[in-house]
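Report on one structure; see the data block that follows.
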Amino acid sequence: MGVLLMTKETVWNLENSYAELPDKFFSIIDTNPVESPKLVVLNESVAISLGLKVDLLRQEDALEVFAGNMLPKGGSSLAQAYAGHQFGYFNMLGDGRALMVGEHITPEGKRFDIQLKGSGRTPYSRGGDGRAALGPMLREYIISEAMHALGVPTTRSLAVVTTGESIMRETALPGAIMTRVASSHLRVGTFEFASKWGTLDELRALADYSLKRHYPEVKFDGNQYLNLLKKVIEQQAYLISKWQLVGFIHGVMNTDNMTISGETIDYGPCAFMDKYDPLTVFSSIDREGRYAYANQPRIAGWNLARFAETLLPLLDDEQEKAVELAQEVLYGFSDLYHANYFRGMRSKLGLYNEEKEDQSLIEELLSLMAHHKADYTNTFRSLTLGNKDCSDLFEAEDFKTWLQKWEERKTRQPKSKEETLQLMRNNNPSIIPRNHRVEEAIQAAENGDYSVLKRLHHVLSMPYDYLPEQEEYTQLPPEKEGPYRTFCGT
Ligand code: AMP
Ligand code: MG
């Protein structure tokens with residue numbers, strides 16, 4: 001029997017619905033081939049969830065696609081146009097270092113964008129080289145996958161290839177391209193682009209496309225654009241509550257980094273909070289703390305207001321009426337967010353039912369954690385395990401008083417101890433991607449050893465399982481001078 005040669009068409013099942021939008025929304029670009037691509041990471045579970053065959057993805061033709069050297073059959077080579085408010089200031093942006101290969105349709109009929117990040121210059125590159133370094137691509141890979149496992153809506157990472165080329169940042173760095181999988185790359189910034197430079201018909205085309213793609217349940221009954229705003233607000237209120245509950249800090253919540261689908265996107269200088277401090281900022285460029293942990297819900301509200309503004313001409317012919325409609329929906333964001341957040345917090349404390357005083361019980365715990373500089377994740381982990389960990393918090397008298405209150409509160413629900421514990425286990429991760437562990441894995445990979453990354457990915461894939469092998473990853477880094485800092489890596 002002869003060897004079955006792989007043909008490109010057996011790997012992907014691609015469509016390009018985005019390319020049916022008006023031309024203004026994208027540019028078809030030439031590929032920017034790289035010298036000697038090498039597949040360094042392939043995420044088999046993502047591949048399988050997409051209905052892709054892992055053995056085919058490990059072959060030469062697939063590598064050429066991951067590297068942006070070749071387009072798969074049925075694919076495109078498209079860079080999306082968008083704008084955005086970056087740290088509060090409006091700019092024209094667009095895919096400056098990414099290309100969309102197409103939308104893969106899974107055997108179940110689900111549609112996912114397949115995008116190469118770091119694939120070279122496009123008309124939206126401005127002064128940039130269109131490339132990405134290996135470190136930041138691995139960082140996005142590992143953190144987005146950890147977020148998925150934690151149950152936070154997010155884009156996913158299918159593969160990382162090294163390009164065999166160096167890119168210049170502060171020093172020469174190994175170049176890499178990441179294949180990102182997203183339910184779409186439609187952003188608040190895409191609407192800002194349409195609102196600023198598009199016609200009303202073009203804006204409507206984008207809104208209709210977004211509705212059909214993400215919210216097909218919305219009826220086109222005249223209220224569809226107000227319902228689009230409602231849906232995006234709901235999804236974002238849910239997403240941001242999830243971030244806050246796991247202690248995730250995005251770091252660059254610019255409007256171009258906020259999706260219409262409600263997935264987390266564009267992992268740059270993000271990181272997980274270690275000791276609980278609402279003012280935590282990791283990003284070196286966020287000097288004023290605009291995107292600090294505690295500000296994330298408010299910033300999301302601000303971004304959603306920018307989104308709502310773009311929709312005004314679709315909401316009503318009379319601007320005043322349109323503003324009134326949008327404002328009413330926008331006001332709902334804060335309540336939706338708080339309801340999600342406190343529901344999540346009650347679950348973290350094993351509380352199934354709701355009492356009026358729960359909010360103060362939760363806030364009291366958080367303020368004790370802040371006062372005693374307790375690690376956010378490990379405190380909830382210890383509460384779940386019933387451990388008295390050796391932190392200052394667990395030794396403190398005021399915390400012991402709080403523990404008593406919590407014990408009493410737990411008795412006021414018709415649930416067994418086991419049920420309470422189960423709820424806590426399902427909501428308090430035993431493990432998060434701790435900054436020093438992520439750095440360690442990236443450094444090893446940069447030196448050619450991917451085993452550290454692989455193991456980290458593995459233990460992070462089951463954060464609610466409380467496995468013995470996760471124990472060592474719960475440890476805090478040795479005390480260092482100065483706070484942890486992250487960089488955009490662009
Ligand atoms: P980000 O900070 O990754 O969200 O990117 C902000 C904007 O800068 C987007 O328009 C990116 O496409 C663009 N950008 C980031 N890095 C590069 C790069 N190396 N070359 C060209 N454009 C880039
Ligand atoms: Mg971005």
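A few remarks follow.
- Backbone HN-Hα couplings from phi across the stretch 76-83 [Karplus 6.51/-1.76/1.60, Hz, Gly and Pro as x]: 10, 9, 10, 10, 8, 8, 7, 10
- Residue-normalised accessible area of the chain, expressed per residue, 1.4 Å probe, Å²: 44 Å²
- For Ser382, the solvent-accessible surface computed with a 1.4 Å probe is close to 10 Å², ligands and nucleic acids excluded.
- Fraction of beta bridges assigned by DSSP in the chain that are antiparallel (%, nearest 5): 95 percent
- Approximate shape of the chain as ellipsoid semi-axes (Cα gyration tensor, √5λ), whole Å, largest first: 37, 30, 21
- Convex hull volume of the Cα atoms of the stretch 5-185, normalised per residue: 125 Å³.
- Panel note: the C-alpha atoms of the stretch 357-415, placed on their principal axes, show extents of 32, 22, 20 Å (largest first).
- Per-atom-type breakdown for the chain gives carbon and sulfur 50% of the accessible area (1.4 Å probe, protein chains only).
- Taking amide H as placed 1.01 Å from N in the peptide plane, Val101 has its amide H under 5 Å from the amide H of Ile114, Gln115, Leu116, each at least 5 places away in sequence or on another chain.
- Considering only Cα atoms, the convex hull volume of the stretch 379-483 works out to 117 Å³ per residue.
- With distances taken between every two different alpha-carbon atoms, the stretch 132-266 has a Kirkwood hydrodynamic radius of 16.6 Å.
- Selection from Gly127, Phe26, Ala62 lying farthest towards where the dipole of the stretch 5-185 points positive, charges on Cβ: Gly127
- Taking a straight Cα-Cα cut-off under 24 Å and skipping sequence neighbours fewer than 8 places away in the same chain, the lysines within cross-link reach of Lys405 are Lys275, Lys348, Lys356, Lys373, Lys388, Lys415, Lys417.
- Taking all pairs of distinct alpha-carbon atoms in the stretch 189-342, Kirkwood radius in angstrom: 16.2 Å
The values are calculated or read from the model by the stated rules, or taken from the named source; none is laboratory data. Given the structure is predicted, the values throughout are model-derived calculations rather than measurements. Every residue, glycine as well, gets a Cβ built from its backbone with ideal geometry; the counts of neighbours run over all protein chains shown. Ligands, DNA and RNA are stripped out before the accessible areas are found, and what is left, the full protein with its side chains, is counted by its heavy atoms. Shrake-Rupley method; radii C 1.70, N 1.55, O 1.52, S 1.80 Å.
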